[in-house]
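This report refers to the structure that appears directly beneath it.
Readers should treat all values here as calculations from the given coordinates under stated rules, not as data from a laboratory. This one's a predicted model, so the numbers in the text were calculated from it and none came from an experiment. Ideal geometry is used to build each Cβ from the backbone, glycine not excepted, and the neighbour counts take in all protein chains shown.
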């Protein structure tokens, strides 16, 4: 059986390719570029180029439909937020030939939108950071409610549709009222519903879930050890942990409320002052740290494939291994470079962040027991070579400007 995945340049796309290919499935990888991270894997059976889903979403969808029919695809996995948005709305067209294991587009939109997500969390009595809801760009009307700075400003959506296609948004920090007003004046996407939240200091944790129409099939938990940027962002080093009961209860309360179908990652931050897990966001698709779960014993992509094709779900007989670590080496290198060359004020570091010397020592621990490298694999060298070559090409281009 053949599986099509989008977003071959995403690390989660590489993890899905390896996870399915190792189960003797044929994986067809799509990307905006002729070569891609996942396509460099020995587990990729064929790759193709599609138009940008951001600038030409209609052509993107039509190309995928064409490949599904030509290649006799059985299952389509949308990897990124933009792919989930576009395929979700055209799900009925894809499912004439293939299965798209995802919730209805209305459910995905509701959960992936942080503004509506936080509203739902309040209804379900799930703890969230201290939040001010901004329904439009009139921040001057609610600025007096900000009791202390810095604050985190979050657009409702991670990708947003505009007059010239789709674009990505970003999370921002504001250290005072002037910076807050400037953000809302300069960022067009903040004219849509957004959030102003108290910054939470504490450890990031996440719950990975595979759900069958609201019923949990398998759960997995991890904690973030290092991130890029260091103040909070993409995890570059993470570790599997036992399922924390409060976090599991909150995550399942949310996912069952919307009858979630497919995979999701529910992200929390543990407030270091109160020890309470606070809901941060939900990724309603495969997440960046997916490879950690696979290395710890839970093959989420293959389990989702089994669910999509009506096969018996082969759950891990003994759960998963605790204390397994996954390291994205290039991301960790960027983390270190930021720590070394950016001032603490710019990085918005949390209290208790390791010193620069400690950061160097931590980075140099290359052969820790139980640590797996996310991209670099001796039995699949292509993606590691591709990523490092691409990294240095970007450095050379930047240096020549």
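At 7 Å along the Cα-to-beta-carbon direction for both residue 245 and residue 125, put a label point, then send me their distance in nm to one decimal.
1.7 nm
Contour minus end-to-end for residue 345 and residue 358, with contour as 0.36 nm per residue of separation and end-to-end as the Cα-Cα distance?
Extending this stretch completely gives an extra 2.8 nm.
Separation between the residue 168 and residue 35 pseudo-spin-labels, each 7 Å from Cα along Cα→Cβ, expressed in nm?
2.1 nm
State the Cα centre-to-centre distance between the range 316-358 and the range 165-224 in whole Å.
One Cα centre to the other: 19 Å.
Could you sort the peptides 333-344, 194-205 by per-residue average Cβ neighbour count (10 Å cutoff), highest mean leading?
Descending packing order for the listed peptides: 194-205, 333-344.
Can you bin the chain into rounded, prolate or oblate? Criterion: square roots of the alpha carbon gyration tensor eigenvalues sorted a ≥ b ≥ c, rounded for a/c under 1.5, prolate for a/b above b/c, oblate for the rest.
Taking the square roots of the gyration eigenvalues as a ≥ b ≥ c, the chain is rounded.
Classify the range 130-198 as rounded, prolate or oblate, taking a ≥ b ≥ c as the square roots of the eigenvalues of its Cα gyration tensor: rounded when a/c is under 1.5, otherwise prolate if a/b is larger than b/c and oblate if not. Could you put the intermediate results ahead of the total?
Numbers: a/c = 1.97, a/b = 1.89, b/c = 1.04.
Here the range 130-198 falls in the prolate category.
Grab the beta carbon distance between residue 369 and residue 234, set R0 = 30 Å, and tell me the FRET efficiency rounded to 0.05.
Numbers: r = 24 Å, r/R0 = 0.82.
So the FRET efficiency works out to roughly 0.75.
D for the range 355-401, whole µm²/s, Stokes-Einstein with Kirkwood Rh over alpha-carbon pairs at 4 °C and 1.567 mPa s: what number? Mind showing how you got there, number by number?
On the way: Rh = 13.1 Å.
Rounded, D is 99 µm²/s.
Pulled fully out, how much extra length does the chain show between residue 392 and residue 256, if you take 0.36 nm times their separation in residues and subtract their Cα-Cα distance?
44.5 nm
Rounded to the nearest 0.05, what FRET efficiency is calculated for residue 106 and residue 138 with R0 set to 30 Å and r the Cβ-Cβ distance? Kindly include the intermediate steps, with their values, before the conclusion.
Details: r = 28 Å, r/R0 = 0.92.
For R0 = 30 Å, the calculated efficiency reads 0.60.
Looking at the chain, what % of its DSSP beta bridges pair antiparallel, to the nearest 5?
Among the beta bridges of the chain, antiparallel pairing accounts for roughly 75 percent.
Tell me, how many Å apart are the Cα centres for the range 43-117 and for the range 282-311?
The range 43-117 and the range 282-311 have Cα centres separated by 17 Å.
With labels modelled as points extended 7 Å from the Cα through the Cβ direction, what inter-label distance (nm, one decimal) is found for residue 274 paired with residue 379?
Taking the simple label geometry, residue 274 and residue 379 are separated by 4.6 nm.
Estimate the FRET efficiency between residue 223 and residue 178 by the formula 1/(1 + (r/R0)^6), using the beta-carbon distance for r and 45 Å for R0, to the nearest 0.05.
Between residue 223 and residue 178 the formula returns 0.80.
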